[in-house]
Every structure is written in C-alpha cells, then in structure tokens.
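Step one of this worksheet: look at the structure below.
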Amino acid sequence: MYVCICHGITDSQIRQGVQQGMQHVRDLYQQMSLGSQCGKCVCTAKQVLSHCQSEAVTTLYHQA
C-alpha cells in the first residue's frame with residue numbers, strides 16, 4: 001500500500017528501511033524524503049514503523 005503519495009513510498013519500502021536499520025520517521029525523511037511534501041503520510045508511517053519493530057521483537061523472542 002502507498003504510505004506517501006507525494007513520493008510514491010510504500011509500506012514495503014518502509015519495512016525494507018527498518019530491516020536496514022531505520023528506526024524513526026526522521027530516518028525515513030532523510031533517506032526517502034517521506035513527509036517532506038504535504039506531511040499527511042507521517043502518521044501512517046509511524047504506524048508501519050511501530051508494527052515492523054513489534055514484529056522484530058516478537059521474532060527475536062521466539063528465536064530465543
């Protein structure tokens with residue numbers, strides 16, 4: 001799904017960014033320019049980031 005229409009950024013791209021170490025919306029802004037136009041995507045981007053980080057913690061917990 002598209003998160004940022006202005007720059008064509010999808011949730012998949014955000015997930016890839018998290019896998020590459022991006023942890024905050026400012027990281028997405030610096031690397032992808034997410035939120036630099038209208039800013040309507042920031043709330044959804046935060047939700048995607050939070051979900052990805054929760055999945056990562058759950059995965060680590062189950063591997064231990």
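Just so you know, all these numbers are worked out from the coordinates, no wet-lab data involved. Keep in mind that what you see is a predicted model, and the values were worked out from it rather than measured. Glycine also receives a Cβ, built like all others from the backbone with ideal geometry; neighbour counts cover every protein chain displayed.
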Around Ile5, under 15 Å between beta carbons, what's the net of Lys plus Arg minus Asp minus Glu among the other residues? 0
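Counting other C-beta atoms within 10 Å, which of Met32, Met1 has the fewest, and how do the rest follow? Don't skip to the answer; put the middle values down first.
Details: Met32 19, Met1 7.
The order, fewest Cβ neighbours first, is Met1, Met32.
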List His24, His51 from most exposed to least, where exposure is judged by having the fewest other Cβ atoms within 10 Å. His24, His51
Once normalised by the length of the chain, the mean sequence separation of its alpha carbon contacts under 8 Å that are 6 or more apart gives a contact order in percent of 34
Loop trypsin sites (Lys or Arg not before Pro), the chain, which have at most 13 other Cβ atoms in a 10 Å radius of their Cβ (DSSP): Lys40
Can you list the residues, at least 5 places off or on another chain, whose amide H is less than 5 Å from the amide H of Ile9, using H built in the peptide plane? Val3, Cys4
Which of Thr44, Thr10, Thr58 comes first, and how do the rest follow, when ranked by fewest Cβ neighbours within 10 Å? Thr58, Thr10, Thr44
Quick one: P(r) of the range 2-63 from all Cα-Cα pairs, 10 Å bins, percents rounded to integers, in order of increasing distance. 24, 55, 16, 4, 0
